[in-house]
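Trainee: Just dropping this structure here.
The values are calculated or read from the model by the stated rules, or taken from the named source; none is laboratory data. Remember, predicted model here, so these are calculated numbers, not experimental data. Here the Cβ is made from the backbone with ideal geometry for all residues, glycine too, and neighbour counts use every protein chain on show. SASA here: full protein model, heavy atoms, side chains in, ligands and nucleic acids out. Shrake-Rupley method; radii C 1.70, N 1.55, O 1.52, S 1.80 Å.
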Amino acid sequence: MVKALIDYLNAPGVVPLQRVVDNFDGDALRSWWNLTDVAGSGGSAAMLDEVDGGLRLSSPTVAFDSSQIDFNSINHYSQTSAEFIAVIRKSGDTGSRMVAGLAQTTWAASDSKVAVMYDTTGNIELRNGSTDVAGSVAQDTNWHSHKVTVSSTTTLMFTDGPLDAVNTSSLPSAALQPIFARQTNAASAKTGDIRYMEAYNT
Amino acid sequence: MSFQSVHDMLVPPGQVRKQKFWDFFDGDSLRSWWTEADGAGTGSGAMADEVDGGYQLTTGTSDNNWRRLTFDDLARHYEPTGSVFIIICNRDSTLSRFFAGLINPKNAANQTILVDNDTDNTFYELATVDGSTTNAVATSVTVDTTVRKHFGILNAASAKLSIDDTLEAISTSNLPTVKLQPIFAVQTRTTAARTGNIRRYEAYNT
């Protein structure tokens with residue numbers, strides 16, 4: 001019987017690499033997260049008081065302003081060998097955006113990034129930098145589980161299990177941090193929910 | 001066997017992970033995701049500086065004073081018809097009580113599934129409350145101060161409690177009907193402070 005968590009997650013003789021896990025439970029956002037207003041001001045993050053609710057991120061209230069939670073640009077994750085898993089839900093709102101993944105700075109910057117993108121409309125996308133590849137799964141208001149894999153030659157997006165998008169353009173070139181972001185398209189806050197996040201180097 | 005991720009250890013392929021939470025009660029202070037408060041009296045809490053100590057709650061000094069850890073009614077993420085709790089805890093001396101499990105709201109047992117180890121009773125009990133009525137089912141385990149593993153399962157038809165991996169009690173009435181949050185609480189049954197320790201809490205929706 002395996003007795004240590006480390007042995008479940010690492011083959012014998014392998015030195016564990018950086019990893020973070022957040023269950024988004026309890027009465028407040030973990031202190032290791034930083035709330036950033038990417039554009040505008042007044043974004044917020046609070047636990048969602050409902051079954052399976054996790055954390056709710058609310059955008060500012062001016063059209064095209066946005067907020068994200070991040071690690072304050074403490075970038076532990078490799079641009080060539082990392083994975084990111086998140087269970088997230090978008091509130092709907094065609095025209096608005098929600099992003100979850102690994103980024104050098106912010107979801108909106110054109111620097112290094114590999115992320116799941118719920119764009120203004122269309123299917124869920126895999127975004128490298130500013131280059132998007134659409135998957136086959138349509139946006140809706142349900143919870144979805146996403147895994148993003150980063151290597152030196154490609155990025156992959158798995159949605160609810162199967163591989164759903166491959167992106168070989170605009171591969172990240174700098175170290176990355178986890179982010180979860182929400183942008184509004186109107187004069188009101190739009191929300192995105194997250195109840196699990198894990199990132200690790202491979 | 002090794003897994004690539006914690007996620008893959010705990011979630012079958014293709015399944016969207018439901019809410020899950022764990023706390024090992026280690027380090028130099030209580031995790032910030034808990035809210036610690038008195039139900040009655042003035043108590044305290046601190047990490048227990050001893051082997052396998054976990055976190056220790058201390059009650060006030062008047063009879064029935066009690067102190068609790070909850071999510072402060074801010075994140076009631078657990079399903080009344082499909083959830084589990086696993087708690088490693090104890091109370092430290094006679095004339096005291098701990099109760100632990102899932103509850104709503106934080107300061108009154110209106111809706112619960114709880115394990116109750118009360119010096120006023122003979123045996124550990126499984127208590128379910130549906131908002132008005134309590135169904136307390138006694139186990140075969142005599143109340144004590146031993147650290148034990150308490151495993152509760154809640155579904156639409158029943159609540160079950162195992163203690164140290166033996167099924168001990170089943171409640172099929174007065175089951176909770178609303179969203180729930182974790183609780184660990186210690187109560188004194190005398191005119192002196194009493195303590196209880198917790199070193200593991202895990203909950204998840206099934």
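Trainee: For chain A, with only Lys/Arg (+1) and Asp/Glu (-1) charged at the beta-carbon, what is the dipole magnitude about the Cα centre, in debye rounded to 20?
Mentor: 280 debye
Trainee: Mind putting a number on the dipole of chain B about its Cα centre? Charges go on the C-beta only, +1 for Lys and Arg and -1 for Asp and Glu, and I need it in Debye to the nearest 20.
Mentor: So the dipole magnitude of chain B works out to roughly 460 debye.
Trainee: A further question follows. In Å², what does the accessible area per residue of chain A work out to with a 1.4 Å probe?
Mentor: 37 Å²
Trainee: Could you work out the pair-distance distribution P(r) of segment A:13-111 from its alpha-carbon pairs, with 10 angstrom bin width and percents rounded to whole numbers?
Mentor: 13, 43, 34, 9, 1, 0
Trainee: When ranked by the protection proxy of mean other Cβ atoms within 10 Å per residue, highest first, what sequence do the peptides A:153-165, B:89-101 form?
Mentor: B:89-101, A:153-165
Trainee: Could you name the aspartates and glutamates in cross-link range of B:Lys149, using Cα to Cα under 18 Å and dropping any fewer than eight places away on the same chain?
Mentor: Qualifying aspartates and glutamates at Cα under 18 Å: B:Asp23, B:Asp26, B:Asp52, B:Asp92, B:Asp116, B:Asp118, B:Glu125, B:Asp164, B:Asp165, B:Glu168, B:Glu202.
Trainee: Here is a further query. Excluding A:Ala181 itself, calculate the net charge of residues whose Cβ lies under 9 Å from the Cβ of A:Ala181, where each Lys or Arg counts +1 and each Asp or Glu counts -1.
Mentor: Overall, the nearby charge balance is +1.
Trainee: Any chance you could check the Cα centroid distance between segment A:113-155 and segment B:130-206 for me, in angstrom?
Mentor: That distance is 42 Å.
Trainee: Same structure, new question: Determine the shape class of the protein assembly as shown: with a ≥ b ≥ c the square roots of the Cα gyration tensor eigenvalues, call it rounded for a/c under 1.5, and otherwise prolate if a/b is greater than b/c, oblate otherwise.
Mentor: Here the protein assembly as shown falls in the prolate category.
Trainee: Shifting gears a bit: With each label point set 7 Å from Cα along the Cα-Cβ vector, what nm distance links B:Ala157 and B:Met47?
Mentor: A separation of 4.6 nm, rounded to one decimal place.
Trainee: For segment B:92-177, what is the accessible area per residue in Å², given a 1.4 Å probe and the full set of protein chains?
Mentor: 40 Å²
Trainee: Another question about this same structure. Which of the trypsin sites (Lys or Arg not before Pro) across segment A:1-101 are loop residues per DSSP, with 11 or fewer other Cβ within 10 Å?
Mentor: Here the sparse-neighbourhood loop sites are A:Lys3.
Trainee: Nearest 100 Å² is fine: what is the total accessible surface buried where chains B and A meet, probe 1.4 Å?
Mentor: 2800 Å²
Trainee: So if I place +1 on the C-beta of Lys and Arg and -1 on the C-beta of Asp and Glu, and nothing else carries charge, what would the dipole magnitude of segment B:52-96 be about its Cα centre? I want it in debye, nearest 20.
Mentor: The calculated dipole for segment B:52-96 is roughly 40 debye.
Trainee: Calculate what fraction, in whole %, of the accessible area of segment A:101-194 sits on carbon and sulfur atoms when a 1.4 Å probe is rolled over the protein chains.
Mentor: Answer for segment A:101-194 is 52 percent, counting heavy atoms of protein chains only.
Trainee: Right, something else. I'd like the distance between the alpha-carbon centres of segment B:1-77 and segment A:18-63, rounded to an integer number of Å.
Mentor: If you average the Cα positions of each part, the centres end up 20 Å apart.
Trainee: Could you sort the residues of segment A:137-156 by number and keep only those whose accessible area is reduced by 30 Å² or more in the all-protein-chain setting relative to the chain alone, 1.4 Å probe?
Mentor: A:Ser145
Trainee: So, one more: Restricted to Cα positions, what overall size does segment A:70-202 have along the principal axes? Three whole-Å values, descending.
Mentor: Computed over the Cα atoms, the extents are 37, 31, 25 Å.
Trainee: Same structure, new question: From the helices alone, meaning DSSP H stretches of at least four residues, give me the mean residue ellipticity at 222 nm for chain B, per-run term -39500 (n - 2.57), in deg cm²/dmol to the nearest 500.
Mentor: After summing the helix terms and dividing by residue count, I get -500 deg cm²/dmol.
Trainee: In percent, how large is the relative contact order of chain B, given Cα pairs closer than 8 Å and 6 or more residues apart?
Mentor: 30 percent
Trainee: Is it possible to state the helix-based mean residue ellipticity at 222 nm for chain A, with each DSSP H run of 4+ residues giving -39500 (n - 2.57), the sum divided by total residues, to the nearest 500 deg cm²/dmol? What is it?
Mentor: -500 deg cm²/dmol
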